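First the structure, in the form of structure tokens, and then the observations on it.
The values are calculated or read from the model by the stated rules, or taken from the named source; none is laboratory data. Note that the structure is predicted; figures quoted are calculated from it, not measured. In this analysis, Cβ positions are derived from the backbone assuming ideal geometry, glycine residues included, and neighbour counts consider all displayed protein chains.
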Amino acid sequence: MKSLPEGALIRSGRFAKAGMSTGGNYLRHYLGNSLPIKNLHQDKRTLNRKNAVSIFKELSQLRGLPLKLAQGMSMDTGLLPIEFLEVMSSAQYSVSPMNRALVRTQFKRNFSEYPENIFQTFDYDAFAAATIGQVHHATNSNGVRLAVKVQYPNVRKSINSDLKLLYIFGKQFFKGKNFEKYLDEVRETLLEETDYLNEGLNIQKFRNIISSKEIIIPEYQESTSNEQVLTMTFLEGDHLDQMLKKEPDQNIKNNYGQIMWNFFHENINSSNNTFHADVHPGNFLFCEGGKLGVIDFGCIKIFPDQFIKSCLRLVQKHLNGSHQEFQKELECLGFIKNVSDLSAKEEKIEKLFSNLAIILGSIYDKSVFDFGNKKFREDLNILLRNAMEIREVRGSEQFIFFNRITFGLMSILMKLEAKIETSEARGIILNADC
Amino acid sequence: MKDKKDIKLKIFETAFEMYLENPTQFSVRNVAKELKLSREQVYTHFTSKKAILRYFYQLCFEEYINQTNEIDRYSEFTLEEKLGHLVYTHIELFQKEKEFVESTFNEIIFKANANNLFQKSLEKQVEIILDTSEGDASILPKKYLAMILVKELFHIFKFWIKDDSEKSEDTIELIDKIIAFLGEILSNQIITKGIDLGRTLWGQNHTGLAPNDLKFLFNSFFNRFA
């Protein structure tokens, strides 16, 4: 009875349900193929849309990890048909909310007070859903507008049970002995995210690290926060899609893109290797006056110094055009085995990384790079699709979040179609001491 | 009138403290002695020793009603929210005296005669909540539905008593899920349609069951709630 509410089986039922209805839709599609259908291509598009809707409907009802997966899939990585992305990114900010009675009791149990006794005003209808909590408007006694994030009940337990499931499914899909090691990395980071006091400290840390005046970070309100409730000042701004809908000038898009680009490259220079590791559109606000708001600091990675250095070395070797040393670095990072005598499979993997380096390296080739470049996007998509065929996980577990950062950033910049000044970043990388 | 209630409260408070300190010391005689009352005077307020302890639960219910009246937009709450508010508030109030609830709930509420005031008040309140909803909840016999729900509620309380998760997170999640499920059933017409289907099967004898078999089926179904 006790394990029932967060039991892996119940949730797996939902996973299966999502999978099954996808199967059903595809079945209809293939059956439909034997019938004379005039516009097959159009038909496939509507099918993809149907699938996307049904998968997202199931996944987004599960608070926590599945939503995270859904968000991950919705990043434009080329692994999914474009119709999936449309549906998912539109649904990205809406999860089934906690009702008013539940929000009240979450407060009472954490503060021994109801929200209306803590804040001047508190809006019980959440205005946004984060992966593990939902966000409410409030004001404090000075009339300052606040964003209050309230965590869903029992999130920690469901993360654990979801990861067990992911382990079962993942083991079928990925070869490699150390699959567990990668899941542990995910688990640790996700569990850290459930501690809102920790997120509060992260906010303060980033307010200290980030010197740029173009980046706005909310103020943490310690007195009205605890492990499951996080209060910060409210930032006004548009989400990526809302901003793009207004059809902004190319200059405006370039400006936002550049700020975001610099935000991540400056992190390389900051001595403590601290990165914002949850790079998806919901966590950034495009504010007035060309400023960028960063609003979620739950997922922060402090990478080991050695790791960052070897990544930088890899990029340095590539940019300097020394292919042999580049290969050696790949071996050091555990991506290819036995570099002096490559087997056919290793050669395939080596080729993949070389191509990735060429594609990503092209960003730094000239002083300005255009992320609206269709060819760049297509090349990246083809490459990532090929990478999925290998079905093996290799290299440091640190790459899970490193990749989330890299591809998350690319994805947003591509959506912005921004032209980015990259020579300074090239300098940072080439001059980095590693 | 106010005096009478004051004395009643005084008797309860004395008894409550006495019980928490040492349950074996707690008796009507000792409570009366402490308050310099006669036993008869105590019995005019409470029918039995257990009834004094049971008053704790009634006070929780009254506090829940007070809190409900203070909520600005309570009338806008959905059926699920109203039911949720009822359960959560009781658990919050019980939490303050968890030890007491742990040692008394089973004996003086769960196993007790269903005619006690606490249970009756809850049933009445659930009935009022159900009254405001649409769907099946509005055609089912609310009185019986409320009785069943309150019995289920008592099972939730028992679950909570045994719940050792941090801040009773397991219970809170379970309540959320149960109420969402219940809300789904009560706000659609699954039961009406079910009865409709049953009638058709009965009328056309599609079931292949003899009337006696069906009677047995219904009896075994309803006996579960009896």
- prompt: Does the range B:66-82 hold any residues that are touching a residue at least 24 places away in the same chain (Cβ under 8 Å) and more than 8 Å from chain A (Cβ to nearest Cβ), and which are they?
  reply: B:L79
query: Among the candidates B:K193, B:K158, B:K151, which residue alone is at negative phi, part of a helix (DSSP H, G or I) and not assigned by TED's automatic domain parsing to the domain that holds B:A114?
result: B:K193
query: Which one is farthest from A:Q258 (Cα to Cα), of the residues in the range A:361-383 that are surrounded by fewer than 17 Cβ atoms within 10 Å (Cβ to Cβ) and among the hydrophobic types (A, V, I, L, M, F, W, C)?
result: A:I382
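Out of everything in the range A:210-232 that is farther than 20 Å from A:V103 by Cβ and surrounded by fewer than 17 Cβ atoms within 10 Å (Cβ to Cβ), what residue ends up being modelled with the lowest pLDDT?
Filtering first and then ranking leaves A:S211.
Condition check ((1) out of contact with any Asp or Glu (no Cβ under 7 Å at 6 or more places or on another chain); (2) among the aromatic types (F, W, Y); (3) free of Cβ contacts under 8 Å to residues at least 12 places away in the same chain) across all residues:
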position: A:Q228; (1), (2), (3): yes, no, no
position: A:T233; (1), (2), (3): no, no, no
position: A:K291; (1), (2), (3): no, no, no
position: A:F297; (1), (2), (3): no, yes, no
query: Yes or no: A:N255 of a type in the set (S, T, N, Q) and either surrounded by fewer than 20 Cβ atoms within 10 Å (Cβ to Cβ) or modelled with pLDDT of 95 or more (or both)?
result: yes
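Here are A:D278, A:D241: which of them is in a loop (DSSP other than H, G, I, E, B) and within 17 Å of A:L409 (Cα to Cα)?
On the way: A:D241 fails: in a loop (DSSP other than H, G, I, E, B).
Sole residue among the options that is in a loop (DSSP other than H, G, I, E, B) and within 17 Å of A:L409 (Cα to Cα): A:D278.
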- request: May I ask you to list the residues in the range B:167-204 that are within 14 Å of another protein chain (Cβ to nearest Cβ) and loosely packed, with under 12 Cβ neighbours inside 10 Å?
  value: B:F181
statement: Scanning the range B:90-118 for residues that are polar (S, T, N, Q) and more than 12 Å from the chain's Cα centre (by Cα) gives B:Q95, B:S103, B:T104, B:N106, B:N113
- request: Among the numbered conditions (1) within 21 Å of A:N254 (Cβ to Cβ); (2) in contact with a Gly (Cβ under 7 Å, 6 or more places away or on another chain), tell me where A:G395 comes up short.
  value: (1)
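Counting only residues that are within 14 Å of chain B (Cβ to nearest Cβ) and of a type in the set (G, A, S), which one in the range A:115-152 is surrounded by the fewest Cβ atoms within 10 Å (Cβ to Cβ)? It would help to see each step written out before you state the result.
If we filter the range A:115-152 for residues that are within 14 Å of chain B (Cβ to nearest Cβ), which is where we start, we get A:115-117, A:119-126, A:132-134, A:150-152.
This time we only want the ones that are of a type in the set (G, A, S), so: A:126, A:133.
Details: A:A126: 22, A:G133: 27.
Selected residue: A:A126.
Within the range B:55-77, is there a residue that is farther than 24 Å from B:I172 by Cα and surrounded by 12 or more Cβ atoms within 10 Å (Cβ to Cβ)?
Of all residues in the range B:55-77, those farther than 24 Å from B:I172 by Cα come to B:55.
Applying the additional criterion that residues be surrounded by 12 or more Cβ atoms within 10 Å (Cβ to Cβ) yields B:55.
Within the range B:55-77, one or more residues are farther than 24 Å from B:I172 by Cα and surrounded by 12 or more Cβ atoms within 10 Å (Cβ to Cβ).
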- line: Within the range A:367-422, residues under 19 Å from the mean Cα position of the chain (by Cα), among the charged types (D, E, K, R) and modelled with pLDDT under 85 come out as A:R385, A:E397, A:R404
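Within the range A:99-114, can you find the residues that are among the hydrophobic types (A, V, I, L, M, F, W, C), facing chain B (nearest Cβ under 9 Å) and in contact (Cβ under 8 Å) with a residue 24 or more places away in the chain?
From the range A:99-114, those among the hydrophobic types (A, V, I, L, M, F, W, C) are A:101-103, A:107, A:111; that's our starting set.
Subset that is facing chain B (nearest Cβ under 9 Å): A:101-102.
The answer is A:L102, and nothing else.
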query: In the set A:K301, A:K309, which member is in the same structural domain as A:A432 (by TED's automatic domain parsing) and over 30 Å from A:K149 (Cβ atoms)?
result: A:K309
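Quick check on the range A:420-430. Is at least one of its residues among the charged types (D, E, K, R) and more than 15 Å from A:F264 (Cα to Cα)? So that I can check it myself, show each step before the final result.
As a first pass, look at the range A:420-430 and keep what is among the charged types (D, E, K, R): A:421, A:424, A:426.
Now restrict to residues that are more than 15 Å from A:F264 (Cα to Cα): none.
Scanning the range A:420-430, I find no residue that is among the charged types (D, E, K, R) and more than 15 Å from A:F264 (Cα to Cα), so the answer is no.
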- prompt: Hey, any hits in the range A:190-207 for a residue that's among the β-branched types (V, I, T), closer than 30 Å to A:H265 by Cβ and surrounded by 19 or more Cβ atoms within 10 Å (Cβ to Cβ)?
  reply: yes
query: What number of residues within the range A:327-375 satisfy the criterion of being part of a strand (DSSP E or B) and either under 17 Å from A:R313 (Cβ atoms) or not acidic (D, E) (or both)?
result: 2
message: If B:Y74 meets every condition in (1) out of contact with any Ser or Thr (no Cβ under 7 Å at 6 or more places or on another chain); (2) at pLDDT 90 or above apart from one, which number is that one?
response: (1)
- request: Test B:D176 against the criterion of being in a helix (DSSP H, G or I), of a type in the set (D, E), in contact (Cβ under 8 Å) with a residue 40 or more places away in the chain and more than 20 Å from B:Y57 (Cα to Cα), and give yes or no.
  value: yes
- request: Among the residues of the range A:376-405, count how many are without any contact (Cβ under 8 Å) to a residue 12 or more places away in the chain and either of a type in the set (S, T, Y) or not in a helix (DSSP H, G or I) (or both).
  value: 0
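Can you tell me which residue among A:D184, A:D125 is among the charged types (D, E, K, R) and over 28 Å from B:E70 (Cα atoms)?
Working: A:D125 fails: over 28 Å from B:E70 (Cα atoms).
The conditions single out A:D184.
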query: Which residue, of B:Q119, B:Q95, is part of a helix (DSSP H, G or I) and within 14 Å of chain A (Cβ to nearest Cβ)?
result: B:Q95
